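Beneath this line is the structure, given in structure tokens, with notes to follow.
The values are calculated or read from the model by the stated rules, or taken from the named source; none is laboratory data. Source: prediction; values computed, not measured. All Cβ positions, glycine included, derive from the backbone under ideal geometry; neighbour counts span all protein chains shown.
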Amino acid sequence: MKTRLLSGLLSLLGFSGITASCNSEEYQSAGEYGTPYARFTFKGTVTDAEAHSPLESIRVISRSAEAPELTDTVYTDRAGAYLMEFEHIFPNVEKVELRADAQERENGILFEEARHTIIITEEDYTGRGEGSSWNHGTVTKSVDFALERKK
């Protein structure tokens with residue numbers, strides 16, 4: 001009697017699966033709840049367009065009006081390389097803006113800002129569903145910038 005009363009009370013509170021067996025199909029389906037997500041990686045290099053050499057400490061900025069979580073600022077390393085990695089829920093991203101800019105260099109050289117728009121389509125997602133039905137996959141985009149010197 002106590003078990004039925006307790007089960008009824010818990011059911012009213014939303015705990016209907018408490019009395020189900022852990023091996024039942026009803027209990028197993030509880031794992032289907034979650035949030036869709038995807039991983040995004042943006043990488044590339046920044047070089048001097050005239051000298052064809054890598055540029056260190058160049059600021060690379062990402063922005064997305066659709067997904068503010070994909071906004072970040074990183075700096076290039078000695079090889080002129082940058083890497084941005086994000087995990088984003090509800091992946092409905094279609095466009096991300098990347099911008100590379102530089103302040104005056106120690107040698108007095110100034111560079112023009114460069115921009116690139118990344119367009120993301122359904123075909124860009126790889127590994128959909130791996131590990132979880134909520135995984136929409138991974139998008140990896142490479143963007144290289146060759147900065148022009150200011151005249």
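Every residue in the range 93-112 that is basic (Lys, Arg) and under 19 Å from the mean Cα position of the chain (by Cα), please.
LYS95, ARG99
Taking every residue in the range 66-86 that is under 17 Å from GLU97 (Cβ atoms) and pairing it with any residue that is in a strand (DSSP E or B) and acidic (Asp, Glu), at least 6 positions away or on another chain, the pairs with Cβ-Cβ distances below 8 Å are MET84/ASP72; PHE86/ASP72. Is it fair to say ALA65 is in contact with an Asp or Glu (Cβ under 9 Å, 6 or more places away or on another chain), surrounded by 17 or more Cβ atoms within 10 Å (Cβ to Cβ) and not β-branched (Val, Ile, Thr)? Criteria not met by ALA65. Note on the range 108-148: residues that are farther than 15 Å from GLY80 by Cβ, in contact (Cβ under 8 Å) with a residue 24 or more places away in the chain and assigned to a strand (DSSP E or B) total 10.
Taking the range 96-147, which residues are among the hydrophobic types (A, V, I, L, M, F, W, C) and over 24 Å from GLU69 (Cβ atoms)?
Across the range 96-147, the qualifying residues are ALA102, ILE109, LEU110, PHE111, ALA146, LEU147.
Every condition in (1) assigned to a loop (DSSP other than H, G, I, E, B); (2) modelled with pLDDT of 85 or more; (3) in contact with a His (Cβ under 7 Å, 6 or more places away or on another chain); (4) not aromatic (Phe, Trp, Tyr) holds for LEU98 except the one numbered (1).
Of all the listed residues (THR117, THR76), the sole one being loosely packed, with under 12 Cβ neighbours inside 10 Å, touching an Asp or Glu at 6+ places or on another chain (Cβ under 7 Å) and not aliphatic (A, V, I, L, M) is THR117. For the range 86-114, the candidate set comprises residues that are of a type outside the set (Gly, Ala, Ser) and in contact with a Leu (Cβ under 7 Å, 6 or more places away or on another chain); within that set, the residue that is nearest to THR35 (Cα to Cα) is HIS88. Residues ARG105, ARG78: which one is at pLDDT 90 or above and assigned to a loop (DSSP other than H, G, I, E, B)? Answer to the selection: ARG78.
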